[in-house]
Amino acid sequence: MTISANIAMINERIRAAAEGAERDPATVRLVAVSKTRPATDICAAFLAGQTVFGENYIQELVPKLAEIREDVQWHFIGHLQSNKVKYIAGRVALIHSVDRISLAQEIDRQWGRLGKVCDVLIQVNISGEATKSGTTEAGAIQLVRESALLPNISVKGLMTMPPFFDDPDAARPYFIELRRLAETISELQIAGVEMKELSMGMSGDFETAIQEGATLVRIGTAIFGER
Ligand SMILES: *Cc1c(COP(=O)(O)O)cnc(C)c1O
C-alpha cells in the first residue's frame, strides 16, 4: 500500500471508531509519526492531505525543519533533553512529552525569548514501567500546577504510552486511567490549564484509545510501514 492509501485507510478507521463511540470524528486528530522516515515520505503524506507530523529526536527533526518547505505542523513526541530545547524553540506546535519541571522551565525560557507561548502535554507513565518516560499520576498533578505558573507555557492536556500488547483491548485500562486523571485535574480548575487534549493510541491500539477519549492519535507504522 502507498502512504496515501494508508492515510485514507487510517482516516476512515478513525472516523468509524469515533462514530462507534458516538464522538464527532473532527475531535480526533491524526499525528503522523515520521521518525526515521525521509523527507520524501513526509511530503508524500502531506500531498495526501496529512498536515500534522510527530518526531521523536531533535537531531532528526532539526534537518527536517530546514528541508521540508511545505506548511506542515510539527509535534515533538519523544524524550526531550533540556539542553536541546533551544533547537526547536518556536518551531513546534505542541510538545507531548513534558515530564519534569526542569524541562517545563527550559521550554518556558526558550519560548519566552521569542515572546511566544508553547502548548504542551504532560506525559504520564500510567503503567509505571521503568523503561518509559513520564511522571507518576501524583507527579502529573504537581507538574501541571507548577507549569501553570510559567507564563510561556500553556498546558493543554495529557499524553501516555501504555505497555506494548498484541491485543489492543489490553491497553484500554491505561487509556481509561489517563482520561480519569485529566478529569481529576480539570476539576481542580487550575488557572490557565486546559485538559482538552488526550494524546494516546498508536498503530496497534488507536481505535481503543478513541473509544476512551483520545483527541490525538500518534500513528507511524500503519502509515509509513515497519521501521
Ligand atoms: C514511534 C512512536 C509512535 C508511533 O508508533 P507506531 O506503533 O509506529 O504507530 C507513537 N508515539 C510515540 C511516543 C512513539 O515514539
Selection from the stretch 189-215 of residues that are near the ligand (Cβ under 10 Å from one of its atoms) and buried (at least 21 other Cβ atoms within 10 Å of the Cβ):
199, 200, 201, 205, 206
Among the candidates 124, 72, single out the residue that is within 16 Å of the ligand (Cβ to nearest atom) and crowded, with 19+ Cβ neighbours inside 10 Å.
124
For the stretch 199-217, the count of residues that are in contact with an Asp or Glu (Cβ under 8 Å, 6 or more places away or on another chain) and hydrophobic (A, V, I, L, M, F, W, C) equals 2
Hits in the stretch 3-32 (condition: β-branched (Val, Ile, Thr) and within 16 Å of the ligand (Cβ to nearest atom)):
3, 7, 10, 14, 28, 31
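Looking at 183, 226, 177, which one is more than 16 Å from the ligand (Cβ to nearest atom) and without any contact (Cβ under 8 Å) to a residue 24 or more places away in the chain? Don't jump to the end; show me each part of the working.
Numbers: 226 fails: more than 16 Å from the ligand (Cβ to nearest atom); 177 fails: without any contact (Cβ under 8 Å) to a residue 24 or more places away in the chain.
183 is the lone residue from the list that is more than 16 Å from the ligand (Cβ to nearest atom) and without any contact (Cβ under 8 Å) to a residue 24 or more places away in the chain.
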Filter the stretch 11-59 down to residues that are under 24 Å from residue 133 (Cβ atoms) and open to solvent by 70 Å² or more (accessible area, probe 1.4 Å), then give me how many there are.
4
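Given the options 158, 150, name the one that is within 15 Å of residue 135 (Cα to Cα) and crowded, with 20+ Cβ neighbours inside 10 Å.
Details: 150 fails: within 15 Å of residue 135 (Cα to Cα).
Within the list 158, 150, the selection yields 158.
Restricting attention to the stretch 69-91, which residues are without any contact (Cβ under 8 Å) to a residue 24 or more places away in the chain and either not in a loop (DSSP other than H, G, I, E, B) or not hydrophobic (A, V, I, L, M, F, W, C) (or both)?
To start, the set of residues in the stretch 69-91 that are without any contact (Cβ under 8 Å) to a residue 24 or more places away in the chain comprises 69, 71, 73-74, 76, 80-81, 83.
Listed by number, the residues that qualify are 69, 71, 73, 74, 76, 81, 83.
Answer yes or no as to whether residue 104 is among the aliphatic types (A, V, I, L, M) and either closer than 23 Å to residue 36 by Cα or touching a Lys or Arg at 6+ places or on another chain (Cβ under 8 Å) (or both).
Working: among the aliphatic types (A, V, I, L, M): yes; either closer than 23 Å to residue 36 by Cα or touching a Lys or Arg at 6+ places or on another chain (Cβ under 8 Å) (or both): no.
Answer is no for this residue.
Regarding the stretch 95-118, can at least one residue be identified that is modelled with pLDDT of 95 or more, of a type in the set (Gly, Ala, Ser) and under 23 Å from residue 211 (Cα atoms)? Even if it seems obvious, please write down each step before you answer.
Within the stretch 95-118, the subset modelled with pLDDT of 95 or more is 95-118.
Next, only the ones that are of a type in the set (Gly, Ala, Ser) stay: 97, 102, 104, 112, 115.
Next, from what is left, pick out any that are under 23 Å from residue 211 (Cα atoms): 97.
The answer is yes, given that some residue of the stretch 95-118 is modelled with pLDDT of 95 or more, of a type in the set (Gly, Ala, Ser) and under 23 Å from residue 211 (Cα atoms).
For the stretch 75-121, enumerate the residues that are hydroxyl-bearing (Ser, Thr, Tyr) and open to solvent by less than 20 Å² (accessible area, probe 1.4 Å).
Residues of the stretch 75-121 that are hydroxyl-bearing (Ser, Thr, Tyr), as a first pass: 82, 87, 97, 102.
Answer for the stretch 75-121, where residues must be hydroxyl-bearing (Ser, Thr, Tyr) and open to solvent by less than 20 Å² (accessible area, probe 1.4 Å): just 97.
The values are calculated or read from the model by the stated rules, or taken from the named source; none is laboratory data. What you see is a predicted model, and the numbers here were worked out from it, not measured in a lab. Quick reminder, even Gly has a Cβ in these numbers, built from the backbone with ideal geometry, and neighbours come from all protein chains shown. For the accessible areas, the whole protein counts, side chains as well, though only heavy atoms, and no ligand, DNA or RNA atoms are used. Shrake-Rupley method; radii C 1.70, N 1.55, O 1.52, S 1.80 Å.
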